[in-house]
1. I want to confirm something. Restricting to the range 139-176 and keeping residues that are under 27 Å from Ala106 (Cβ atoms) and of a type in the set (D, E, K, R), which single residue is nearest to the chain's Cα centre (by Cα)?
2. Would you check which residues across the range 108-120 are assigned to a loop (DSSP other than H, G, I, E, B), closer than 19 Å to Asn172 by Cβ and more than 11 Å from the ligand (Cβ to nearest atom) and list them?
3. Can you name the helices (runs of 4 or more DSSP H) wholly within the range 238-338 that have at least 2 residues being among the acidic types (Asp, Glu), at pLDDT 95 or above and within 19 Å of the chain's Cα centre (by Cα)?
4. Kindly state which helices (runs of 4 or more DSSP H) lie completely within the range 1-96 and contain at least 2 residues that are basic (Lys, Arg).
5. How many residues are within 16 Å of the ligand (Cβ to nearest atom), among the β-branched types (Val, Ile, Thr) and touching a helix residue (DSSP H, G or I) at 6+ places or on another chain (Cβ under 6 Å) if we restrict to the range 121-148?
6. Cβ-Cβ below 7 Å, separation at least six or inter-chain, first residue in the range 264-275 and touching a residue at least 24 places away in the same chain (Cβ under 8 Å) and among the small types (Gly, Ala, Ser), second assigned to a helix (DSSP H, G or I) and buried (at least 18 other Cβ atoms within 10 Å of the Cβ): which pairs?
7. Which ones in the range 21-48 are touching a residue at least 40 places away in the same chain (Cβ under 8 Å) and more than 23 Å from Arg341 (Cα to Cα)?
Amino acid sequence: MLYDFDTPVTRIGTDCEKWDKLAEVFGRSDLLPFWVADMDFKSAPEIIDTLRERVDAGVFGYPIMADSAKESVSNWLKTRHGWSVGPETVNFTPGVISGLSAAVYAFSDPGDGIAIQTPVYPQFFKLIKLNGREVVENPLKETDDGYVIDYENLRESLGHNVKILLLSNPHNPVARVWRADELSRLADICIEREVVVLSDEIHQDLVFSDAKHLPLGLVAPQLAPFLITFVAPSKTFNIAGLSASAWVATDKKITERFKRVLAGLHIAEVNMLAIAALETAYRKCAPWLDQLMVYLEKNRELVETFLRDRLPRVKLKHPEGSFIFWLDFRDYGLNNAELQRLLIEDARVALSPGINFGAAGDGFARLNTGCPRAQLEECLKRIEKALSSSSGVQI
Ligand SMILES: Cc1ncc(COP(=O)(O)O)c(C=O)c1O
């Protein structure tokens, strides 16, 4: 192994949300954190070198969004995901969420419905509500084989003044990597209903060896007039704090409309360190990512084996991608507050509360496995101990 993912990195005291905001969010600071979706690993050395060079140069003036940066994104999408889109289809926003929010302005009016498939990333709810639009839920269906899209309900929901579908592909938090047949069926319904699709593919690079990420635009080119795809190196290379993301649209009309809104809000560019890191990530860091995925897949094996052998009442549908796993504690009959109390007070671990992802998340917690394996194992052992000693809870 060329890169080291085992040695713990000290993050406490670096003003990082995951470690330094524990007391504020969970009421105590002595917890091991497995919530905020960044990883407890150093980023790729090539990215650190690039940033060091820029810092050493000592000038932090206005950057340009160079053609080479756009090319790095289009090359990445082609080589990594088989999606051939030219650099002229690539543009930037400071983050996926700022991009999605701007797209909500661009393609809907106050009071319009925005569809999401729940349980889903909490910011999706927030950005819809804070911008005065209505959340329209199309709950995912839970099956023995994992979560699936409810197409009948989707078709029906999109008929109710819905202007946009916000898609998480792969899906946070259920770790589904949508297949071609699933995506094309969804695309057909959106075309039929003339609904704009914002495909959030921020987790696209974090896919395990038994799944394959497919960009929606690759699977459903006929959706182009309705489609904007968001990608980012932030989750992939652990540089979320730098705030850089890109969006891709291949249809001229939708591109121009979105560009106008971004220009109006003055959020069509990212800062000089972020753009440099983004380009280096996409040009030079594929080997780092390949090794990261081997490591994360072993973390998945650890979690699945541990649950099967020692905590069989905690259920997990086989995660296909990302490093966030949707743990199902419903068999213990605990509601969200009781489960959180057990995790925080007894196990001393911080996991994202399931209900933050929608009502269907009651009895669930989201586990972030992007950390050294020893830390992850400690988390599982703490949960096992807490569940076995908790009054009234039979392990
Ligand atoms: C599905 C999804 N979209 C967007 C984001 C955040 O994107 P950004 O930090 O670029 O705004 C996250 C972070 O966890 C996420 O899971």
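1. Lys163
2. Gln117, Thr118, Pro119
3. 286-310
4. Filter on the range 1-96 gives 45-57, 67-81.
5. So the answer is 1.
6. That search, which allows pairs on different chains as well, returns Ala268/Leu262; Ala274/Leu242.
7. Answer for the range 21-48, where residues must be touching a residue at least 40 places away in the same chain (Cβ under 8 Å) and more than 23 Å from Arg341 (Cα to Cα): Asp38, Met39, Asp40, Phe41, Lys42, Ser43, Ala44, Pro45, Glu46, Ile47.
So that you can scan it fast, the table gives a plain yes or no per residue for (1) touching a Leu at 6+ places or on another chain (Cβ under 9 Å); (2) more than 16 Å from the ligand (Cβ to nearest atom):
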| site | (1), (2) |
| --- | --- |
| Thr229 | yes, no |
| Ile239 | yes, no |
| Lys252 | no, yes |
| Leu265 | no, no |
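The values are calculated or read from the model by the stated rules, or taken from the named source; none is laboratory data. Just so you know, these numbers come straight off a predicted model, no measurement behind them. Using ideal geometry, Cβ is built from the backbone for each residue, glycine included, and neighbour counts are taken over all protein chains shown.
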